[in-house]
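Following: one structure in structure tokens, then a few remarks.
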Amino acid sequence: MTPHPRTAVIGLGAMGLPMATHLAAHLPVTAYDISQPRLEQLAAANGTPAPTPADAARTADVVLLAVRDQPQVDAALFGKDGAAETLRPGTAVVLTSTVGPEAARATAARLAEQGVLTVDAPVSGGPVRAGNGDLLIVVGAEDKALDLARPVLDLLASTLTVVGPNPGDGQSLKAINQLLAGVHIAAAAEAIALARGLGLDPATVVESLRHGAAGSFMFADRGPRMVETYANGSTPEVKSRLDIFVKDMGIVTGIAKDAHVPVPLASAAQQLYLLGEAAGLAAHDDSSVVTVLSPKAPAAPAAPAVPTTPVPSEGGIR
């Protein structure tokens, strides 16, 4: 185990950039992203930008992937100028994305053909915690791979749980995490929509309930952003895109089906995110899903019905 492994980070999105900048304060970090402004932010934090994933990985001991989904994993590793072109045998690839157990196993098998090790290490906690090294990371990896990646993981995680020895093990536990997170956001949206429908102040409802037995991390975190959606008439800053939960709840329901385990709450939440995507909210913050249940502009109260006196017809039965 190298105490300061040369580390490549591929993907400087909402999670990748704060992880990379945090690592760059402790390790030599080279990174790739399609966004030039994000590469400039990395450079300002003592990291080294690279023009391609292959260049980023050329001298790395550990390559950390922080991309959105499996197609992006495939492109970053095996596409044109992908990292696999320059990965050396014995390098560890750390997969932090949520892609599902089968996808992680397939990626690991393909890398193993080059003698490259895989650490299945999906992360949870959000961008702020990523920048503070305060993430929850669940790991599926053999000891040799984990030992090589451990200095990187220890810098990023306040809670590191080794689930099992195989890639895919971490993804399985992350799917359970996402089941709970996705259901909790959907429940928060329903609660706030109902509060509005009853004429209550959503801000008061959130502040009151977040401290009680009905509260959850997601209610306390997303609730104020849902309130902001109504207060400002616009969606809040994107911290977690809605289409991430379209993907993740699809993974949850898919692996549950394969395991023959019913997940009715997860399935209902999945439908809510799909409705949000269909409403054009895919790239918005996931808290904006509340507007699917309760539009931003409250509906005008219906006018009371005016009773009318039936007028008898001139024919028919009297």
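The charge dipole of the chain, taken about the Cα centre with unit charges on the Cβ atoms of Lys, Arg (+1) and Asp, Glu (-1), comes to about 280 debye, rounded to the nearest 20. Taken over the chain, the alpha-carbon convex hull comes to 199 cubic angstrom per residue. Using a simple spin-label model with pseudo-atoms 7 Å out from Cα toward Cβ, residue 296 and residue 217 lie 3.0 nm apart. In the stretch 132-209, one over the average inverse separation of all distinct C-alpha pairs is 15.1 Å, which is the Kirkwood hydrodynamic radius. Between residue 204 and residue 268, the simple spin-label model (points 7 angstrom out along Cα→Cβ) gives 2.7 nm.
If the segment from residue 4 to residue 283 were pulled out straight at 0.36 nm per residue, it would be longer than the present Cα-Cα gap by 96.8 nm.
Tally Lys and Arg at +1 and Asp and Glu at -1 over the other residues with C-beta under 13 Å from the C-beta of residue 227: what net charge comes out? With Lys, Arg at +1 and Asp, Glu at -1, the net is 0.
Stretched out straight at 0.36 nm per residue, the stretch from residue 25 to residue 134 would grow longer than its current Cα-Cα span by 37.7 nm.
Excluding same-chain neighbours fewer than eight residues apart, the lysines reachable from residue 296 by a Cα-Cα span under 30 Å are 239, 247. For residue 80 and residue 231, the FRET efficiency from 1/(1 + (r/R0)^6), where r spans their Cβ atoms and R0 equals 35 Å, is about 0.15.
Only beta bridges with both residues in the chain are counted; by DSSP, about 15 percent of them are antiparallel. When the chain is treated as a Gaussian network with alpha carbon springs shorter than 10 Å, the biggest mean-square fluctuation among 158, 234, 267 belongs to 234. Would you list the membrane-span-like helices of the chain, meaning whole DSSP H runs whose alpha-carbon atoms span at least 18 Å along their axis and whose mean Kyte-Doolittle value is at least -1.0? Answer set is 143-156, 169-197, 217-232, 242-258, 264-278. Going 7 Å from the Cα of residue 160 in the Cα-to-Cβ direction, what parts of the stretch 122-148 have a backbone nitrogen less than 19 Å from that spot? Residues 122-126, 129-148 fall inside that zone. Sparse packing (at most 13 other Cβ atoms within 10 Å of the Cβ) combined with a DSSP loop state is found for the following GluC sites (Glu not before Pro) in the stretch 205-255: 237. Using Cα springs under 10 Å in a Gaussian network model of the chain, which residue among 93, 261, 63 shows the largest mean-square fluctuation? Of 93, 261, 63, the most mobile in the Gaussian network model is 261. Comparing 133, 276, 199, which has the greatest mean-square fluctuation in the GNM of the chain with Cα pairs linked when under 10 Å apart? Its mean-square fluctuation being the largest, the pick is 199. Dipole size of the stretch 57-156 about its Cα centre, with +1 on Lys/Arg Cβ and -1 on Asp/Glu Cβ: approximately 160 debye, rounded to the nearest 20.
Read the figures in this text as sums done on the coordinates, not as results from a lab. Fair warning: this is a prediction, and the values are worked out from it, not measured in the lab. Ideal geometry is used to build each Cβ from the backbone, glycine not excepted, and the neighbour counts take in all protein chains shown.
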